[in-house]
Number of protein chains: 2
Amino acid sequence: MSEQCKFLLDDRQIPTVWTNILPFLPEPMAPPLHPQTGAPLGPQDLAPIFPMELIEQEFSPKAEIDIPGEILDIYRLWRATPLYRARRLEKALDTPAHIYYKYEGTSPAGSHKPNTAVAQAYYNKRAGVRRLATETGAGQWGSALSLACKLFGLESTVYMVRVSYDQKPYRRMMMHAWGAEVFASPSPQTNAGRAVLAAAPDSPGSLGIAISEAVEDAATHGDTNYSLGSVLNHVLLHQTVIGQETRLQMRMAGEEPDVVIGCFGGGSNFGGLALPYLQDRLAGKGPRIVAVEPAACPSLTQGSFRYDYGDTAKLTPLVKMYTLGHDFVPPGIHAGGLRYHGASPLLSHLADMGHIEARAYPQTPVFDAALQFAATEGILAAPEAAHAIRAAIDEAVSAREAGLSSTIVFCLSGHGHFDLSAYEQYRAGELLDQSYKATA
Amino acid sequence: MSEQCKFLLDDRQIPTVWTNILPFLPEPMAPPLHPQTGAPLGPQDLAPIFPMELIEQEFSPKAEIDIPGEILDIYRLWRATPLYRARRLEKALDTPAHIYYKYEGTSPAGSHKPNTAVAQAYYNKRAGVRRLATETGAGQWGSALSLACKLFGLESTVYMVRVSYDQKPYRRMMMHAWGAEVFASPSPQTNAGRAVLAAAPDSPGSLGIAISEAVEDAATHGDTNYSLGSVLNHVLLHQTVIGQETRLQMRMAGEEPDVVIGCFGGGSNFGGLALPYLQDRLAGKGPRIVAVEPAACPSLTQGSFRYDYGDTAKLTPLVKMYTLGHDFVPPGIHAGGLRYHGASPLLSHLADMGHIEARAYPQTPVFDAALQFAATEGILAAPEAAHAIRAAIDEAVSAREAGLSSTIVFCLSGHGHFDLSAYEQYRAGELLDQSYKATA
């Protein structure tokens, strides 16, 4: 019998706090600015769309924040998620490297997104909110929020990027099954959507546009708040359960990572895994940290670190981040969850300090890696997560070529059950890698 | 913080044997008969389509059969599967009953089917077979066998029942991603398929027809064997890992079941969970055992216990089982995995002895239960598995009405990620319950 390939935690080992890197930053982040006045933002400026407890978390000076029991009750439905050692993939690659992956696809919505969706629904429920409005790219976030709202008795409205709405009907049906109302974005429901449709009736949409719609919906309805699935500090905070669990599980495996890898859209699964290790780096002892983005939307590798809007219609605050420009509309690649023009300001700040390496891949090598993974480890990964697989394989091959061992950990952020048409296109040789065209 | 809701086993607790009920039967099963001669079948009669090690298992007198290490290596990719206590569902039902479910949807193919697919691929590989041919209803079995063949380097050909082929394109794509060749059945690939198409060009297909096609494919190609996903003794044997794990996990929970429930098509997930408990019943001390089938294909509740063919074209042996007749074509319900005219001969034998209660539900109450489960436990169940949810809820409501506690365990055999169009139809009120029309 072979050696252990799976590291599980019991319910008592699920983290009971979220860990906050903010108080450990050697230099504070640049403050968000008011979209109209350009003045630094106060908590009250965010109150029309967020509950106060989440606003406090956004700027919290505490090193740890307790996870409320009602959130833990729901986390326990699927957490702790398993950490796997990819022994079959290692063997296929004939590499001395040890490859581990943290699999977040076991949640009911199929990704890491419920980690923050559940927390956000909880705090909004406590604040007396009746409905949450949000955007979704590939549909992972929208389905996570639909699930969380259903579990807490809230209503949910999801603006789903048009290209994904068309590509992934099952994601839409999944949101419906959990009671959500879903619109293709740009939609005729909002001023922001109508403006885009007037200028470009065939717009494939973008996360930037869908965010404008959801923010407008929340800002114009008194009983409705807005909910964001990535980018913001409180979102990444909630995701730190991933990295905390991984740390425990790597100790069970008796190893420490040399390199930690995550795919990167807004930064939430990446940050969830990496932030505890980034905190180590700030203390002078962490592993290499690698962010993997699509060549079609390369905010970290080709964007610039500057103040920009989080959305297309300039309704959100100005935040300092790596950005391709708030009016950048990426081509309709299958990794819809990575089609965001910007990057988490917190992770941008850490990248600017030199703590994060970034790389970008076109779609073809990413799907090639996904199929190799499916043929060895069995799991069909989401196209987003497959970016991390590609980088992990490349790291393992480099280790083989250098004749050195290396301990690699990556986040397999979700399954690809709703992305099979992309696999089918790849197999048929129909997946064209669109070149990067910056508009800003 | 609430009480425990999840019971996990570590890799060392995965069963290392399959448990075989055959030597414990008080009366032996009626022997299978040759389809042409009507004489009792010998092992050599099965050799053209099955490897000898599986044929031996089919008739084995041993109480336990060791699971080879190479199979365990793959089981460990997702086993042991979790056992959950459905505390949130219990609360919603306001029931004193304790409801547990064994969740087999965490396998890469999304159901319990890989438990036997991996074993069958292994023994066929050892026997020097190059390709496996099989049928699939909803696609769960076909995708499981595609995965297993990919992991062992075998080719696979899947005849997929036409109605599911059309309803579930993603299941087909999933099989493709694992390298399978997939045909809609009835297909023009085989004599059996061509005969059905000639008589009924618009045939929705059935498992009986698809089995004929796969058996013919295997019988007419020297390098190809046939693989069946349910019904046979060796298939149910491999599935006993479900019940063995459940037994351990129920001990962790400190409870013994009063009633054990599984949905019933050919009988494989049902048997996997129930056989260890049926063995207890043979020793005079087991729980109630409830099989749940669709009203559209009620082999146990409305069929008769007699010799019949396993397929439409009469290529398989005659076996004594509960059957609706080998030419029965059930209506195209969404629980495609339960559309089989017969029932496992072993489980039929045990049902005939009075050890299994059977009940049948139409689709509407089944989807109603599935949505209640999704709203409380989060998981979107396969329509097949939702039959078990329906029965578990009914048992829990009965317990409440009787003012008695009851410990209920059911098998949640798979997720419904590829069945969301069925949920969408149900929500839209478009799910019509077709009445049962026997043709035999």
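The values are calculated or read from the model by the stated rules, or taken from the named source; none is laboratory data. Keep in mind the model is a prediction, meaning the values are calculated, not measured. All Cβ positions, even for glycine, are placed from backbone atoms using ideal geometry, and neighbour counts span all protein chains on display. Quick note on the areas: whole protein, heavy atoms, side chains included, nothing else; ligands and nucleic acids left out. Shrake-Rupley method; radii C 1.70, N 1.55, O 1.52, S 1.80 Å.
Computed values, structure above
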| read-out | value |
| --- | --- |
| Residue of A:Pro186, A:Pro40, A:Pro114 that the Gaussian network model of chain A assigns the largest fluctuation, springs spanning Cα pairs under 10 Å | A:Pro40 |
| Solvent accessible area, Å² - B:Leu237, 1.4 Å probe, full protein context | 10 |
| Contour excess over end-to-end distance, with Cα ends at B:Ala198 and B:Arg126 and 0.36 nm allotted per residue | 22.0 nm |
| Positive minus negative residues near B:Asp166 (Lys, Arg vs Asp, Glu; Cβ under 12 Å) | +3 |
| Shielding of A:368-379 by partner chains, average beta-carbon count, 10 Å | 4 |
| Which of A:Glu424, A:Glu430, B:Glu377 is most accessible, then next, and so on - probe 1.4 Å | A:Glu430, A:Glu424, B:Glu377 |
| Radius 9 Å from Cβ of A:Pro43, net charge of other residues (Lys, Arg +1; Asp, Glu -1) | -3 |
| 10 Å Cβ neighbours from other chains, averaged over peptide A:7-16 | 3 |
| Per the axis that maps chain B onto chain A, nearest residue of B (Cβ criterion) and its distance in Å | B:His417, 2 |
| For chain B, built as a Gaussian network whose Cα springs stay under 10 Å, the top-fluctuating residue of B:Gly205, B:Gly266, B:Gly153 | B:Gly153 |
| Nearest-ten-degree value, helix A:268-282 long axis tilted from longest Cα axis of chain A | 70 |
| Inter-copy spacing of B:Glu3 label points, which lie 7 Å from Cα along Cα→Cβ, given in nm from shortest upward | 4.0 |
| Ranking by accessible area, most exposed first, for A:Arg427, A:Arg306 with a 1.4 Å probe | A:Arg427, A:Arg306 |
| Estimated [θ] at 222 nm from DSSP helical runs (n ≥ 4, -39500 (n - 2.57)) normalised by residues in the protein assembly as shown, nearest 500 | -12000 deg cm²/dmol |
| Solvent-accessible area of A:Ser348 with every protein chain in place, 1.4 Å probe, in Å² to the nearest 10 | 0 |
| Using a 7 Å Cα-to-Cβ projection, B:Asp202 label spacings across copies, nm, ascending | 3.6 |
| Degrees separating the helix B:363-376 axis from the principal Cα axis of chain B, which is the longest one | 50 |
| In Å², nearest 10: area of A:Asp45 left accessible to a 1.4 Å probe | 70 |
| Accessible-area order (highest first, 1.4 angstrom probe) of the listed residues A:Arg172, A:Arg400, A:Arg76 | A:Arg400, A:Arg172, A:Arg76 |
| Per-residue HN-Hα couplings for the range B:401-407 [Karplus 6.51, -1.76, 1.60; θ = phi - 60°; Hz; x = Gly/Pro] | 5, 7, x, 10, 7, 7, 10 |
| Candidates per GluC sites (Glu not before Pro) in the range B:1-69, loop by DSSP, up to 16 other Cβ within 10 Å | B:Glu3 |
| Averaged over A:168-179, number of beta-carbon atoms from partner chains that fall within 10 Å | 5 |
| Label-point gap, in nm, between B:Phe24 and B:Ala63 - each point 7 angstrom along Cα→Cβ | 0.9 |
| Position A:Phe59, label points 7 Å along Cα→Cβ, spacing to each other copy in nm (shortest first, one decimal) | 8.0 |
| Cβ-Cβ FRET estimate between A:Thr37 and A:Arg306, R0 fixed at 22 Å, reported to 0.05 | 0.75 |
